[in-house]
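A.B. asks: My questions will all concern the structure given below.
The values are calculated or read from the model by the stated rules, or taken from the named source; none is laboratory data. All values reported here derive from a predicted model rather than from experimental measurement. With ideal geometry, Cβ positions are generated from the backbone for all residues, glycine too; neighbour counts draw on all protein chains shown. We work out accessible area using only protein heavy atoms, side chains counted, and drop any ligands, DNA or RNA first. Shrake-Rupley method; radii C 1.70, N 1.55, O 1.52, S 1.80 Å.
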Amino acid sequence: MRENLLSKKAACNSHGQDSSYFLGWQEYEKNPYDPITNPKGIIQMGLAENQLSFDLIESWLEAHPNPAGFKRDGASIFRELALFQDYRGFPPFKKALANYMGYLRGNKVRFESNNLVLTAGATSANETLMFCLAGPGEAFLLPTPYYPGFDRDLKWRTGVEIVPIQCSSSNDFKITKAALEEAYQRAKKCNLGVKGVLITNPSNPLGTTTTREELDTLLDFVVAKGIHLISDEIYSGTNFGSPGFISVAEAMIGRDHNVSHRVHIVYSLSKDLGLPGFRVGAIYSKNNSVVDAATKMSSFGLISSHTQYLLSELLSDEQFTRKYTEENRKRLKERHGQLVEGLRNAGVGCLRSNAGLYCWVDMRHLLESKTFEGEMKLWNKMVYEVGLNISPGSSCHCNEPGWFRVCFANMSADTLNVAIRRLKTFIDSGRRSRPPAPAYLVRKKDSHPSGKPTVVSRNGRLEICASG
Amino acid sequence: MELAVELRREPNSPLLSKMATSDGHGENSSYFDGWKAYDCDPFHPTSNPEGVIQLGLAENQLCLDPIQEWIKNNPKASICTEVGVSEFKNIANFQDYHGLRVFREAVAKFMRKVRGGRSDFHPDRIVMSGGATGAAEVIAFCLADPGEAFLVPTPYYPAFDRDLRWRTGIQVLPIQCKSSNHFKITRTALESAYEKAQKANVRVKAVMVANPSNPLGTILDRETLRMLVNFTNGKRIHLICDEIFAGTVFKDPQFVSVSEIVDEDPNCDRSLIHITYSLSKDLGLPGFRVGVVYSYNDTVVRCARRMSSFGLVSSQTQYLLASMLSDDEFTTKLIEEVRRRLSKRHELFTSRLAKVGIQCLESNAGLFCWMDLRRLLKEFTVEGELELWRVIINDVKLNVSPGSSFHCHEPGWFRVCFANMDDETMDVALGRIESFVLRTKEAAVQAKKKKWKQDGLRLSLPRRFEDMATMTSSLMSPHSPLVPATTSALVV
């Protein structure tokens, strides 16, 4: 098809799916690990899913027949649900979701149903906020490293740009005032109007919760610049260790009205409850104009009433949600510990983390050269020789090569052990055959983020192209 | 529907985007005002019998009981039941934007069945979207850039303005259709719309038609479809057919899908042909948000599939419907039953209206009638139409949709829905229409008598039909036995 007969959006690759993040998934799809039928296959460690606590939901369903029968107070509400397409959302569901969000924040803040907008997943929530707050020629600042899907969700159809806030391992990738200011100035130099900052708290891919200090810095910054702050809190229920999770909602307590109308929270049940298939996302904002516009836009991606109803029943059972959240955190902590310990035994460290479904693993010492090309080479080995699909830091826009995101909550404990064993074997064999690494490595010019090599899929294999 | 919310600019509030503060959402249209009036004062047979009856909502509420029965008898289709919960984990975890294979296969099968087995649909071309709303927007994002245009025949579904234009930045330009030939789409009208766009330096990327039509309730005949394919192929532009009402064709002539034209003509460039669909009308399940983009163009399929991330169908819903739509015996019976109930409702509705002299456009599909109230207008303008509409909402207490909200170029047409209420409510609604028309007729007669008395004329014999016919033909329905309204007559 002649490309100019379609739109530019259809012809470009801003959908971001040529990124290594997604290509690794494709390789996994071609050769997926199975303990019995394909024990040499690739283990999927690039998927931040929470598969640890389904049994708890299943037991709940077995004990609660109402959702199956579309029943409420003994009567069927099937008809009402089949016809329910009101973009304001199914009231019992919104109420239950708002309460659950409050619970996850220790009930230090209260969420009102009227300020909640339902969307088809966080993917849709983030894109909708972009449409509401910015347009072509404008930008949001995002701290690196960040979730690769943001390139698609925030930029593709909206025309909004992402300008990275460079964070460094030297201070555990924390967001600093200097980095914020630097990013803001860089955007200005490119003639981009900065409309806001977007953070993920807890962070993907770091697995750390944003500190109180960082939150205060961020709030001060957005007030001073007169811009928005979006806090994607999709992992808020996965905080399994100290320090505890502090939501931006909590950090706003005591601040004046000048702040609350510029802060917007994104949430979803895909990670905390492990229900990505149900497409449940939400935007929470005290800014009525944003709520109004986002509500109207949600028409393009409403949540199935079928699902809203099921979840209204589930989340209204506060005893269950408490029990689930505590048990889920416990299991995440155990699994996290298993991975960290296994990595340590293989001589691999990771960023100290207290949340999320993954670790941010430091493999800098395993690079042949401390460049992004070196990172891609190592990644290639990981996928094809070791058989682990992990996500290279460059796909998350990390500005230092050698970091990888490794997921631990989407597989059984046994499979995780297999993965850890494979990694250890690979590293040990590498130590034996390689000369000892020099004390330092010369940094190549193309280690700058703009010089990152690109990865393409050719003839069924991933290949590294010259930096573009 | 949300009441209009005043956009308050908080002091020192960071600006929202132009898109958020414009009225591209379309909710300031008269189409939605009626809904708001209904929301404030909704009819209920016992608790609010004087309330507004909703005749502005094109929903199919006639076939939910067989679906509910099927769900009750098929507990395995649900991931919440004892027998179905073993699938819970797999389904809840499934977010692949390809969609469940069984779901796509079942939808393809259902689409084929609705078209009487006359076309084949490949499951791999089925792409999910957030309802037909999402499907329309996605196809616009895939085919056109900001500033480019789709041509759409009038009258058309009001929300196309939002769905196709709001966030995409494309334009929607009308192809004028006229009542004189039953609003058929002619080649002349197409050419004229296309040339007008050319003259204005606007690049046309596609023609989009709804077949069956909303609000007309008519289907495109084979000749018109071939003409559309021929025209668009010739101009190297796309043809999009929104077939959301395909399963609501309740009597002959038989529905012809654009897919049949694609299948029958090896010379047509199928890469320019796309279909949007949904289960909201045929099955009456708008709450489940099941939209489909079906394209014969591989690049469009790929692009639409990636965009579907922004509006996937809940896997829980995919799973349930995969099971239901694979039940051949059930779907055959259901499709038949939907047609039967719609036909009955349509017949009852149109015949009672005809008895009081209200004609509707001859139709065989959809969940509504296109009602001709031209002779009730005080003046043959949009203002006249809106004035009549306000009377119908405020005094007759019926929410009907004025033709101007569908961009109809002739005032006096109204869309009235008949499938979204039970028999009793329909009876009340029809009774109100009948009373209104009779009151109007009576008022017209009285006003005339008064005028003649004032003019010192004695009552003459009623005008002969031929006299009536010499008045502006557009003011009169040719079969109406009633005296045309004069300016002073419309007092209700």
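A.B. asks: Within region B:365-376, work out how many residues are at pLDDT 95 or above and either on the phi > 0 side of the Ramachandran plot or open to solvent by less than 10 Å² (accessible area, probe 1.4 Å) (or both). Let's see the steps before the verdict.
C.D. replies: We begin by selecting, within region B:365-376, every residue at pLDDT 95 or above; these are B:365-374.
From the residues that got through so far, the ones that are either on the phi > 0 side of the Ramachandran plot or open to solvent by less than 10 Å² (accessible area, probe 1.4 Å) (or both) too are B:365-371, B:373.
So the answer is 8.
A.B. asks: Among the residues of region A:375-433, write down those that are surrounded by 24 or more Cβ atoms within 10 Å (Cβ to Cβ) and aromatic (Phe, Trp, Tyr).
C.D. replies: A:379, A:403, A:404, A:408, listed by residue number.
A.B. asks: Which ranges mark the helices (runs of 4 or more DSSP H) fully within region A:11-84 that have 1 or more residues being under 19 Å from the mean Cα position of the chain (by Cα)? Spell out how you get there, then give the answer.
C.D. replies: Details: elements: A:20-30, A:54-63, A:78-83.
The helices (runs of 4 or more DSSP H) meeting that bar are A:20-30.
A.B. asks: Could you list, in sequence order, the residues of region B:270-309 that are open to solvent by 10 Å² or more (accessible area, probe 1.4 Å), within 10 Å of chain A (Cβ to nearest Cβ) and more than 22 Å from residue A:299 (Cβ to Cβ)?
C.D. replies: Answer for region B:270-309, where residues must be open to solvent by 10 Å² or more (accessible area, probe 1.4 Å), within 10 Å of chain A (Cβ to nearest Cβ) and more than 22 Å from residue A:299 (Cβ to Cβ): B:271, B:298, B:299, B:302.
A.B. asks: Among the residues of region A:27-50, are any of a type in the set (Phe, Trp, Tyr) and not assigned by TED's automatic domain parsing to the domain that holds residue A:300? Step through it out loud before you land on a result.
C.D. replies: So the first thing to find is which residues in region A:27-50 are of a type in the set (Phe, Trp, Tyr), and the list is A:28, A:33.
Then drop every residue that is not not assigned by TED's automatic domain parsing to the domain that holds residue A:300, which leaves A:28, A:33.
Yes: one or more hits.
A.B. asks: Residue B:312 is checked against (1) open to solvent by less than 10 Å² (accessible area, probe 1.4 Å); (2) closer than 23 Å to residue A:81 by Cα and fails just one. What number does that condition carry?
C.D. replies: Failing condition for residue B:312: (1).
A.B. asks: Going by the structure shown, is residue B:121 outside any helix (DSSP H, G or I) and either touching a residue at least 60 places away in the same chain (Cβ under 8 Å) or under 25 Å from residue A:276 (Cβ atoms) (or both)? Before the answer, list the steps.
C.D. replies: Values: outside any helix (DSSP H, G or I): yes; either touching a residue at least 60 places away in the same chain (Cβ under 8 Å) or under 25 Å from residue A:276 (Cβ atoms) (or both): yes.
Yes; evaluated as a whole, the condition is true for this residue.
A.B. asks: Take residue A:84 and tell me if it is of a type in the set (Phe, Trp, Tyr), within 30 Å of residue B:70 (Cβ to Cβ), touching a residue at least 24 places away in the same chain (Cβ under 8 Å) and crowded, with 22+ Cβ neighbours inside 10 Å. I'd like the intermediate steps shown before the answer.
C.D. replies: Numbers: of a type in the set (Phe, Trp, Tyr): yes; within 30 Å of residue B:70 (Cβ to Cβ): yes; touching a residue at least 24 places away in the same chain (Cβ under 8 Å): yes; crowded, with 22+ Cβ neighbours inside 10 Å: no.
It is false that residue A:84 is of a type in the set (Phe, Trp, Tyr), within 30 Å of residue B:70 (Cβ to Cβ), touching a residue at least 24 places away in the same chain (Cβ under 8 Å) and crowded, with 22+ Cβ neighbours inside 10 Å.
A.B. asks: Restricting region B:110-129 to residues that are farther than 25 Å from residue A:5 by Cα and buried (at least 19 other Cβ atoms within 10 Å of the Cβ), which is nearest to the other protein chains (Cβ to nearest Cβ)? It would help to see each step written out before you state the result.
C.D. replies: As a first pass, look at region B:110-129 and keep what is farther than 25 Å from residue A:5 by Cα: B:110-120.
In the following step, the residues that additionally are buried (at least 19 other Cβ atoms within 10 Å of the Cβ) were identified as B:110-111, B:114-115, B:119.
Numbers: B:110: 17, B:111: 20, B:114: 18, B:115: 24, B:119: 22 Å.
Checked region B:110-129; the qualifying residue nearest to the other protein chains (Cβ to nearest Cβ) is B:110.
A.B. asks: Only one residue in A:158, A:119 is closer than 22 Å to residue A:225 by Cβ and hydroxyl-bearing (Ser, Thr, Tyr). Which one? Talk me through it step by step, then tell me what you get.
C.D. replies: Details: A:119 fails: closer than 22 Å to residue A:225 by Cβ.
Of A:158, A:119, the one residue that is closer than 22 Å to residue A:225 by Cβ and hydroxyl-bearing (Ser, Thr, Tyr) is A:158.
A.B. asks: How many residues, within region B:172-204, are within 14 Å of chain A (Cβ to nearest Cβ) and crowded, with 21+ Cβ neighbours inside 10 Å? Write out each step before concluding.
C.D. replies: Step one: filter region B:172-204 for residues within 14 Å of chain A (Cβ to nearest Cβ), giving B:203-204.
Cutting the leftovers down to crowded, with 21+ Cβ neighbours inside 10 Å gives us B:204.
Residues meeting the conditions: 1.
A.B. asks: Suppose we filter B:337, B:379 for residues that are surrounded by fewer than 17 Cβ atoms within 10 Å (Cβ to Cβ), touching a Cys at 6+ places or on another chain (Cβ under 7 Å) and not aromatic (Phe, Trp, Tyr); which single one remains?
C.D. replies: Working: B:379 fails: touching a Cys at 6+ places or on another chain (Cβ under 7 Å).
Answer to the selection: B:337.
A.B. asks: Among helices (runs of 4 or more DSSP H) lying entirely in region A:205-324, which contain 1 or more residues that are modelled with pLDDT of 95 or more and touching a Cys at 6+ places or on another chain (Cβ under 9 Å)? Quick ask: steps written out before the conclusion?
C.D. replies: Values: elements: A:212-225, A:248-251, A:257-260, A:288-297, A:305-316.
Hits in region A:205-324: A:288-297, A:305-316.
A.B. asks: Can you tell me which residue within region B:87-99, out of those that are at the interface with another protein chain (Cβ under 8 Å from one of its Cβ atoms) and assigned to a helix (DSSP H, G or I), is nearest to residue A:52 (Cα to Cα)? Spell out how you get there, then give the answer.
C.D. replies: Residues of region B:87-99 at the interface with another protein chain (Cβ under 8 Å from one of its Cβ atoms): B:88-89, B:91-95.
Checking the rest, the ones that are also assigned to a helix (DSSP H, G or I) come to B:88-89, B:91-92.
Values: B:88: 13, B:89: 10, B:91: 15, B:92: 13 Å.
Looking at the filtered set, the residue picked out is B:89.
A.B. asks: When residues of region B:58-84 are filtered for being out of contact with any Pro (no Cβ under 6 Å at 6 or more places or on another chain) and open to solvent by 40 Å² or more (accessible area, probe 1.4 Å), how many remain?
C.D. replies: 9
A.B. asks: Here's a follow-up. Is there a residue in region A:56-73 that is at positive phi and touching a Leu at 6+ places or on another chain (Cβ under 7 Å)? Even if it seems obvious, please write down each step before you answer.
C.D. replies: Residues of region A:56-73 that are at positive phi, as a first pass: A:70, A:73.
If we keep only those that are touching a Leu at 6+ places or on another chain (Cβ under 7 Å) as well, we get A:70.
Yes, region A:56-73 has at least one match.
A.B. asks: Quick check on this structure: which one of A:99, A:204 is within 19 Å of residue A:247 (Cα to Cα) and open to solvent by less than 20 Å² (accessible area, probe 1.4 Å)?
C.D. replies: Values: A:99 fails: open to solvent by less than 20 Å² (accessible area, probe 1.4 Å).
After ruling out the rest, the residue left standing is A:204.
A.B. asks: Do we have residue A:260 as more than 7 Å from every other protein chain (Cβ to nearest Cβ) and open to solvent by less than 10 Å² (accessible area, probe 1.4 Å) here?
C.D. replies: no
A.B. asks: State all residues of region A:169-201 that are more than 25 Å from residue A:241 (Cα to Cα) and surrounded by fewer than 17 Cβ atoms within 10 Å (Cβ to Cβ); if no residue qualifies, say none. Don't jump to the end; show me each part of the working.
C.D. replies: Filtering region A:169-201 down to residues more than 25 Å from residue A:241 (Cα to Cα) leaves A:177-197.
Result: A:177, A:178, A:181, A:182, A:185, A:188, A:189, A:190, A:191, A:193.
A.B. asks: Might you check whether a residue that is crowded, with 16+ Cβ neighbours inside 10 Å, polar (S, T, N, Q) and in contact (Cβ under 8 Å) with a residue 12 or more places away in the chain occurs anywhere in region A:29-50? Break it down stepwise before answering.
C.D. replies: Here is the first cut: in region A:29-50, the residues crowded, with 16+ Cβ neighbours inside 10 Å are A:33, A:42-50.
If we keep only those that are polar (S, T, N, Q) as well, we get A:44, A:50.
In the following step, the residues that additionally are in contact (Cβ under 8 Å) with a residue 12 or more places away in the chain were identified as A:44, A:50.
Yes; the residues of region A:29-50 include at least one that is crowded, with 16+ Cβ neighbours inside 10 Å, polar (S, T, N, Q) and in contact (Cβ under 8 Å) with a residue 12 or more places away in the chain.
A.B. asks: Moving to a separate point now. Taking the options B:209, B:229, name whichever one is more than 24 Å from residue B:161 (Cβ to Cβ), aliphatic (A, V, I, L, M) and open to solvent by less than 20 Å² (accessible area, probe 1.4 Å). Talk me through it step by step, then tell me what you get.
C.D. replies: Numbers: B:209 fails: more than 24 Å from residue B:161 (Cβ to Cβ).
Going through B:209, B:229 in turn, the sole match is B:229.
A.B. asks: Are there any pairs with C-beta distances below 7 angstrom linking a residue in region B:387-398 that is closer than 19 Å to residue B:438 by Cβ to a residue that is open to solvent by 50 Å² or more (accessible area, probe 1.4 Å) and assigned to a loop (DSSP other than H, G, I, E, B), with the two at least 6 apart or on different chains, and if so which?
C.D. replies: B:391/B:492; B:395/B:492; B:397/B:50
A.B. asks: Is there a residue being out of contact with any helix residue (DSSP H, G or I) (no Cβ under 8 Å at 6 or more places or on another chain), at positive phi and open to solvent by 10 Å² or more (accessible area, probe 1.4 Å) anywhere in region A:139-155?
C.D. replies: no
A.B. asks: Might you check whether a residue that is free of Cβ contacts under 8 Å to residues at least 60 places away in the same chain, under 25 Å from residue A:89 (Cα atoms) and open to solvent by less than 10 Å² (accessible area, probe 1.4 Å) occurs anywhere in region A:296-305? Show your work before the answer.
C.D. replies: Just the residues of region A:296-305 that are free of Cβ contacts under 8 Å to residues at least 60 places away in the same chain, to begin with: A:304.
Going one step further and asking which of them are under 25 Å from residue A:89 (Cα atoms), we end up with A:304.
Still in the running and open to solvent by less than 10 Å² (accessible area, probe 1.4 Å): A:304.
Among the residues of region A:296-305, at least one is free of Cβ contacts under 8 Å to residues at least 60 places away in the same chain, under 25 Å from residue A:89 (Cα atoms) and open to solvent by less than 10 Å² (accessible area, probe 1.4 Å), which makes the answer yes.
A.B. asks: For region B:130-146, indicate whether the set of residues that are within 13 Å of chain A (Cβ to nearest Cβ), surrounded by fewer than 20 Cβ atoms within 10 Å (Cβ to Cβ) and in a loop (DSSP other than H, G, I, E, B) is non-empty. Spell out the reasoning first.
C.D. replies: Taking region B:130-146 as the starting set, the residues that turn out to be within 13 Å of chain A (Cβ to nearest Cβ) are B:130-146.
Remaining after also requiring surrounded by fewer than 20 Cβ atoms within 10 Å (Cβ to Cβ): B:145-146.
Now restrict to residues that are in a loop (DSSP other than H, G, I, E, B): B:145-146.
Yes: one or more hits.
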